[in-house]
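Beneath this line is the structure, given in C-alpha cells, with notes to follow.
Coordinate-derived values only; no laboratory data. Fair warning: this is a prediction, and the values are worked out from it, not measured in the lab. Every residue, glycine among them, receives a Cβ derived from its backbone with ideal geometry; neighbour counts consider all protein chains shown.
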Amino acid sequence: MLADKPVEGVCAVLAPVVQGAVFGGLPPPRGLDAAALRQRAAAAGLHGQLRDSVEKAYRAAQSLAGPDDRILVCGSFLTVAAVANLLF
C-alpha cells in the first residue's frame, strides 16, 4: 500500500476474513516497504509473511494456496498492476 492510505483500517477489515497474508513492498517515495506494511498491518490484527516485492509476494501466495483457495491482491492500483503483469 501507499504510506498515505488507511493501512490499519483496510487491514482491520481483512483480518477476520483472510487466512493468511503475504506482504510485498512498493517503491518510494509513497510506497511502503514490506516490513513497514507488515508492521502496520499487524497493529490492525492482520499477520503474515513478507517478501521484497509485490511480485515475490504473489508468487509466495501461489505456493501457499491450496487448490480451493483464493488469492486476494489489494492495496493500491500499483499492487494490482504488478500482479496483472504476471498474469497477462
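Each of the peptides 73-79, 40-46, 63-69 was scored by the mean count of other Cβ atoms within 10 Å over its residues; in descending order, highest first, they stand as 40-46, 73-79, 63-69.
Spacing of the modelled spin labels on LEU72 and ASP52, each 7 Å from Cα toward Cβ, amounts to 2.9 nm. When +1 charges are put on Lys and Arg Cβ atoms and -1 charges on Asp and Glu Cβ atoms, the dipole computed for the chain relative to its Cα centre reaches about 80 debye.
Each principal axis of the Cα atoms in region 1-58 has its own extent, and those three values, largest first, are 29, 23, 13 angstrom. Given their separation in residues at 0.36 nm each and the Cα-Cα distance between them, ALA43 and VAL17 gain 7.7 nm when the chain is fully extended.
A cut-off of 5 Å between modelled amide H atoms, ignoring neighbours fewer than 5 places along the same chain, links LEU50 with PHE23.
With an 8 Å cut-off on Cα pairs and a minimum separation of 6 or more residues, tell me the relative contact order of the chain in percent. It would help to have the intermediate numbers written out before the result.
Values: 123 pairs, mean separation 25.9, N = 88.
Worked out over the chain, it gives 29 percent.
Close amide H contacts of GLY31 (hydrogens built in the peptide plane, cut-off under 5 Å, sequence separation of 5 or more or a different chain): ALA3.
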